[in-house]
Amino acid sequence: MSLPPRRGPAPLVVTGDPVEQLTDPAPAGLTQRLVDAVTAFDGVRTGPSYVCVRGTRAFHLAPVLAHGPAEAFLAGSEFGHVHPPYDGSLHLMLPAPWGKAVVAAGWGTAAAPCGSLLVYGPRDETETAVVARLVTRAYLYARGTWTPAPP
C-alpha cells in the first residue's frame, strides 16, 4: 500500500532551528489521538524533547527495545515528537526510502538534523490515519524491526 498524495498546498515551515510548522496547525484533538496511539506502543513513554522547544511531546523508546540504528533517533531514546499545540506537526526519523516517499507524496519535508523529517500536522481524520502510519514506521525503525521498502 502506497502513501496517498496529501491534498492542498504545503504549510509554511521552518526546517532549521527550531523546526516548526508556521501555518495550518493541526487541531489539538487530532494530535492528542496520535500521542495516545503512540504511547500505547510497547516501551514508549512521552516526555520532554532533547532537541526541540518547550511544550514538545517527545516519544522515547525504552533502551531494552531500542535495537534500531543510531539514525533512528533524534537524540538519546527520542525517535520523534509532536510540536506544541500552536503547531501540531511531527518531527520523525524514518529510513531514507520512507523519507523520500513522504516528501514525494507531500506529507512532509526534510529537516534538521540531517536525515529527519518534518511531517505536516494532520488536518482531519483521514490525514491522522496516514500520519499514524508514519509514526508507526518511525517506532519500528527505532526498534530495529522496520520495513526497508517505502510505503
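Numerical summary
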{"quantity": "The range 13-143: translational diffusion in µm²/s, Stokes-Einstein, Kirkwood Rh over Cα pairs, 20 °C, 1.002 mPa s", "calculated": "152 µm²/s"}
{"quantity": "Order of Val38, Val82, Val13 - criterion: other Cβ atoms within 10 Å of each residue's Cβ, fewest first", "calculated": "Val13, Val38, Val82"}
{"quantity": "Taking the range 13-143 and dividing mean pair separation by its residue count, relative contact order in percent (alpha carbons under 8 Å, at least six apart)", "calculated": "29 percent"}
{"quantity": "Packing-based exposure ordering (other Cβ within 10 Å, fewest first) of Arg33, Arg7", "calculated": "Arg7, Arg33"}
{"quantity": "Sites Val103 and Thr23, calculated FRET efficiency, Cβ-Cβ separation with R0 30 Å, nearest 0.05", "calculated": "0.95"}
{"quantity": "Estimated vicinal HN-Hα couplings, Hz - the range 34-50 in sequence order (Karplus 6.51, -1.76, 1.60; Gly, Pro = x)", "calculated": "5, 4, 4, 5, 5, 5, 7, 5, 4, x, 9, 10, 9, x, x, 7, 7"}
{"quantity": "Total formal charge among the other residues, if their Cβ is under 11 angstrom from that of Asp87, Lys/Arg +1 and Asp/Glu -1", "calculated": "-2"}
{"quantity": "Neighbour-count order for Ser49, Ser89, fewest beta carbons within 10 angstrom listed first", "calculated": "Ser49, Ser89"}
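We did not get these values from a lab; they are worked out from the coordinates using the rules stated. Remember, it's a predicted structure, so these values are computed and weren't measured experimentally. As a convention, Cβ positions derive from the backbone with ideal geometry for all residues, glycine included, and neighbour counts pool all protein chains shown.
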